[in-house]
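K.L.:
To start, I am sharing the structure in question, which I have written as C-alpha cells.
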Amino acid sequence: MFSLFGGRDKKGIGGTKTVLVLDVENGSVGGALVRLDTTNQPRLFAELRTELPVFPTLSSTAIAQAVVEAAQTTLQHAAEVAARLRQNESLAPVGVVSQAVVFLAPPWSSASVGEQGFAWDHEPHLTRELTDAIVRQFGPVPVSFRAIGGAAAHATTSVFEQQSDFILCTVTGEVAELVLIADGLPTGRATVPTGLHTLLRTLRHHGGLSLPEARSAVRLAVNHDGRAIPELSEPFDAAARHIATNIAQSAAPLIRDSDAAGVLVLAHEPVGQWVARALSESEPFAALFKNGSTVRALRPQHLSPHIALHAQNPDVFLMVEAIFLDTKFTTL
C-alpha cells in the first residue's frame with residue numbers, strides 16, 4: 001500500500017506538492033489531486049469524471065456551458081477530499097493544493113507553428129471561467145493551461161522512449177485529435193469531428209437504445225477478441241467504418257511526407273481498444289502507410305508502472321497527465 005504522504009515532507013524538507021488536475025474534454029470533465037515529489041512516482045487520488053450530455057447536434061456554445069457545469073461538480077469533489085485531508089494532522093500537507101493545471105482538448109485547444117516552433121493556444125473565454133471556478137473552490141492558487149495533445153505526446157515519449165515516428169490519436173467525446181510525433185516532438189496536428197459521441201448517437205439511432213443503454217453497451221462492447229457484442233454488431237461496425245474513414249482523411253496530409261509507421265490511440269476504456277481495432281481493419285487508413293503500420297491502444301496497464309497510486313478503475317487521461325506533471329515537476 002502506497003502512502004499519500006511524501007517522504008521528504010516527513011523530514012521537514014521542501015519539494016513535495018499536491019497539484020489539482022482538471023481534464024477538460026468535449027464529452028466529459030475529469031479531475032484529480034496529484035501528489036508529486038522528486039523521489040516517488042506520482043500518486044493520484046480524489047479522482048472523478050463527470051460526463052457531459054450527448055447533444056443531438058454539435059454546438060460549441062452548449063458544450064462549453066456543459067463543460068463549466070461539469071467542471072464545477074468535479075472541482076467540488078476534489079475540494080471536499082482536500083478539506084478532509086487537512087482535518088487529519090498526519091495528512092494535512094497532502095490536502096494543501098499548491099497549484100492547478102488544466103488540460104484542454106479540442107476545440108478548447110489549438111496549435112500553430114511559428115518562429116518558436118510548435119505552440120498551443122487555448123480558448124480565452126473558457127480559460128477565464130475555469131480559472132474563476134478553481135479559485136472559488138481552492139482560493140488564489142496559480143492556474144496554468146496545457147493542451148491534452150501536447151501533454152500526452154510528451155508523456156508517451158517518456159514512457160515509450162525507444163520508438164520510431166508515430167501518430168498519437170486522442171479520441172474524446174466529440175473530437176479526435178491527431179498529433180504527428182517525429183524525433184520525439186510534435187511536428188503536425190489535425191482534428192476530426194468524430195469521437196465517442198459518434199458511436200453513442202449511432203447506437204441510439206440505429207440500434208434503438210436509450211442513452212444510458214448506449215453507454216452501458218459501450219462499456220460491455222469489447223470482449224476477449226476485441227469484437228463488439230453480437231446483438232449490436234451492425235451499428236458498432238457502421239460507427240467504426242465512419243470514424244476510421246474520417247480519421248484516415250485527416251491523417252493523410254500528416255503522413256504524406258512522414259516516415260511514421262505507428263499509431264497510438266488514447267481514449268477512455270474500452271473505446272481505445274475499439275478505435276485501434278477499427279483503424280487496423282480500415283483499408284483507407286492502412287493505405288496511408290507506405291511500409292505498413294502498427295496500431296495499438298494506450299491502456300492503463302502501460303501506465304501503471306509509472307504511477308504509485310491510482311483509482312481501482314484507472315482513468316487513462318488522468319494517468320497520462322500525472323506522468324506529464326511528474327516529468328515537469330521541477331519547472332511547474
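Bear in mind these aren't lab numbers, they're just calculated from the coordinates by the rules spelled out. All values derive from a computational prediction rather than experimental measurement. Glycine gets a Cβ as well: all are built from the backbone with ideal geometry, and neighbour counts include every protein chain shown.
K.L.:
Taking the Cβ-Cβ separation of THR57 and ASN291 as r and a Förster radius of 41 Å, what is the calculated FRET efficiency to the nearest 0.05?
P.N.:
0.50
K.L.:
Where the Cα atoms of segment 255-332 are projected onto their three principal axes, how long is each span, largest first, in whole Å?
P.N.:
For segment 255-332, the Cα extents along the three principal axes come out at 41, 29, 16 Å.
K.L.:
Hey, if you put +1 on the Cβ of every Lys and Arg and -1 on every Asp and Glu Cβ in the chain, which of SER109, VAL175, THR50 ends up farthest toward the positive end of that dipole?
P.N.:
The listed residue farthest towards the positive side: THR50.
K.L.:
Only Lys, Arg, Asp and Glu count, each charged at its Cβ (+1, +1, -1, -1), so figure out the dipole size of segment 224-317 about its Cα centre, rounded to 20 debye.
P.N.:
Magnitude of the dipole: close to 220 debye.
K.L.:
Could you grab the Rg to Rh ratio for segment 114-182? Cα atoms only, Kirkwood for Rh.
P.N.:
1.06
K.L.:
So for segment 44-187, considering every pair of alpha-carbon atoms, how many percent are separated by more than 24 Å?
P.N.:
Details: 4459 of 10296 pairs.
For segment 44-187, the fraction of Cα-Cα distances above 24 Å is 43 percent.
K.L.:
Between ARG241 and SER98, what FRET efficiency follows from the Cβ-Cβ distance if R0 is 51 Å, with the result rounded to 0.05?
P.N.:
Computed FRET efficiency for ARG241 and SER98 comes out at 0.60.
K.L.:
Taking the chain as a Gaussian network, Cα atoms linked when under 10 Å apart, which of SER98, SER250, SER90 shows the biggest mean-square fluctuation?
P.N.:
Greatest mean-square fluctuation among the candidates belongs to SER90.
K.L.:
Let me ask you something else. What's the FRET efficiency of ASP257 with GLN76 using the Cβ-Cβ distance as r and R₀ = 56 Å, to the nearest 0.05?
P.N.:
0.75
K.L.:
Out of ALA287, ALA322, ALA190, any idea which swings most in a Gaussian network model of the chain, alpha carbons joined below 10 Å?
P.N.:
Its mean-square fluctuation being the largest, the pick is ALA287.
K.L.:
Relative to the Cα centre, what is the charge dipole magnitude of the chain, using +1 at the beta carbon of each Lys and Arg, -1 at the beta carbon of each Asp and Glu, and rounding to the nearest 20 debye? Display every interim value, and only then the final one.
P.N.:
Values: 25 positive and 32 negative charges, 139 e Å.
Using only the charged Cβ atoms, the result is roughly 660 debye.
K.L.:
Give the whole-number value, in cubic angstrom per residue, of the convex hull volume spanned by the C-alpha atoms of segment 162-300.
P.N.:
Details: hull volume 14.5 nm³, N = 139.
Each residue corresponds to 104 Å³ of Cα convex hull volume.
K.L.:
Among GLY139, GLY150, GLY272, which one shows the biggest mean-square fluctuation in a GNM of the chain, springs joining Cα atoms closer than 10 Å?
P.N.:
Residue with maximal mean-square fluctuation among GLY139, GLY150, GLY272: GLY139.
K.L.:
Given points 7 Å out from each Cα along the Cα-Cβ axis, report the ASP132 to SER158 separation in nanometres with one decimal.
P.N.:
3.3 nm
K.L.:
Report the Rg/Rh value for segment 232-283, based on alpha-carbon coordinates and the Kirkwood definition of Rh.
P.N.:
Values: Rg = 11.8 Å, Rh = 11.9 Å.
With Rh from the inverse mean 1/r over Cα pairs, Rg/Rh is 1.00.
K.L.:
Largest first and in whole Å, give the semi-axes of segment 9-125's equivalent ellipsoid, each being the square root of 5 times a Cα gyration tensor eigenvalue.
P.N.:
Taking √(5λ) for each Cα gyration eigenvalue gives 31, 20, 9 Å.
K.L.:
Additional query: What ranking do THR198, THR38, THR50, THR172 get, fewest neighbouring Cβ atoms within 10 angstrom at the top?
P.N.:
Least to most surrounded, the residues fall as THR38, THR50, THR198, THR172.
K.L.:
For the chain, state the average projected area of the convex hull of the C-alpha atoms over all orientations, rounded to one decimal in nm².
P.N.:
Orientation-averaged projected area of the Cα hull: 17.4 nm².
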